[in-house]
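Structure in structure tokens, see below.
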Amino acid sequence: MVLIDSAHEDEPDCALALIPSETLKAILKQAKPGDLVVQTAERIDNGSVRALMNALNWHGDIPLIVLTQGLPYGPDMVAVPSIAPEAYQLHLALQRDLMRRSSRGRQVIAKKSGHAIHQDQPELVIDAIRQVINEVKTTGRRRKQSHPSRHGRHNKRVQRTGIRRASHRQLAHDAVVARP
């Protein structure tokens, strides 16, 4: 799995805690009801994602590369410009948390990139994907050699029923996509 400057489910709440209380009160006085729904720039409802991730409590042993922006947040990248340096440090810490969710996780800092790593340094994204594919191929061969009966049972079940067990990741994706 490759995460490209991925949002952490706790980032909105943690970032909110960085805002001085007087500033937060002033923001809330001017807020409309729709402003109080915490969404990412991609319009993803973070409350739903956070609840789903907490329920899954996902940790695993899969190849995982977390690509993280290396350019610090500018004042224009956060709701309260004065917290930009702290918000960036929080983002880095939460990216490390994502990396630790797999025993085979590692983090790559994209030193020349902001959030759009795929545009700023596409070679990092391509390289990360290749590394994960190679690792899957290598570990897949080792696992087939060491556990042939387990894979055989799974394949027989798929052949017999035509059903594959959905992964937690697929269930999480389907739940987020299905929201109106």
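The values are calculated or read from the model by the stated rules, or taken from the named source; none is laboratory data. Nothing here was measured: the structure is a model prediction, and the numbers come from that model. Cβ coordinates were reconstructed from backbone atoms using ideal geometry, including for glycine residues, and neighbour counts include every protein chain displayed.
Criterion first (touching a helix residue (DSSP H, G or I) at 6+ places or on another chain (Cβ under 6 Å) and either at pLDDT 95 or above or closer than 25 Å to Leu16 by Cβ (or both)) does Gly105 satisfy it?
So Gly105 passes the test.
Right, another one. Could you list, in sequence order, the residues of region 99-134 that are buried (at least 16 other Cβ atoms within 10 Å of the Cβ) and over 26 Å from Gln89 (Cβ atoms)?
Hit for region 99-134 is Val132, nothing else.
Report the residue count in region 57-76 for those that are without any contact (Cβ under 8 Å) to a residue 24 or more places away in the chain and not in a loop (DSSP other than H, G, I, E, B). Show your work before the answer.
First pass over region 57-76, keeping only residues without any contact (Cβ under 8 Å) to a residue 24 or more places away in the chain: 57, 72-76.
Still in the list and also not in a loop (DSSP other than H, G, I, E, B): 75-76.
The total comes to 2.
Something else: Would it be correct to say that Val158 is farther than 30 Å from Ile19 by Cβ, surrounded by 11 or more Cβ atoms within 10 Å (Cβ to Cβ) and at pLDDT 90 or above?
Values: farther than 30 Å from Ile19 by Cβ: yes; surrounded by 11 or more Cβ atoms within 10 Å (Cβ to Cβ): yes; at pLDDT 90 or above: no.
Criteria not met by Val158.
Tally time: how many residues in region 7-36 are modelled with pLDDT under 65 and surrounded by 10 or more Cβ atoms within 10 Å (Cβ to Cβ)? Before the answer, list the steps.
Our first condition is that a residue be modelled with pLDDT under 65; within region 7-36, this holds for 35-36.
Checking which are surrounded by 10 or more Cβ atoms within 10 Å (Cβ to Cβ) leaves us with 35.
Residues meeting the conditions: 1.
Could you grab the pairs with beta carbons closer than 7 Å, sequence gap of 6+ or different chains, first residue in region 123-138 and in contact (Cβ under 8 Å) with a residue 12 or more places away in the chain, second one β-branched (Val, Ile, Thr) and assigned to a helix (DSSP H, G or I)?
Close Cβ pairs satisfying both conditions: Leu124/Ile117; Val125/Ile117.
If you don't mind, there's one more thing I want to ask. Looking at Arg104, Arg100, Arg96, which is the one that is of a type in the set (D, E, K, R) and touching a strand residue (DSSP E or B) at 6+ places or on another chain (Cβ under 6 Å)?
Details: Arg100 fails: touching a strand residue (DSSP E or B) at 6+ places or on another chain (Cβ under 6 Å); Arg96 fails: touching a strand residue (DSSP E or B) at 6+ places or on another chain (Cβ under 6 Å).
Going through Arg104, Arg100, Arg96 in turn, the sole match is Arg104.
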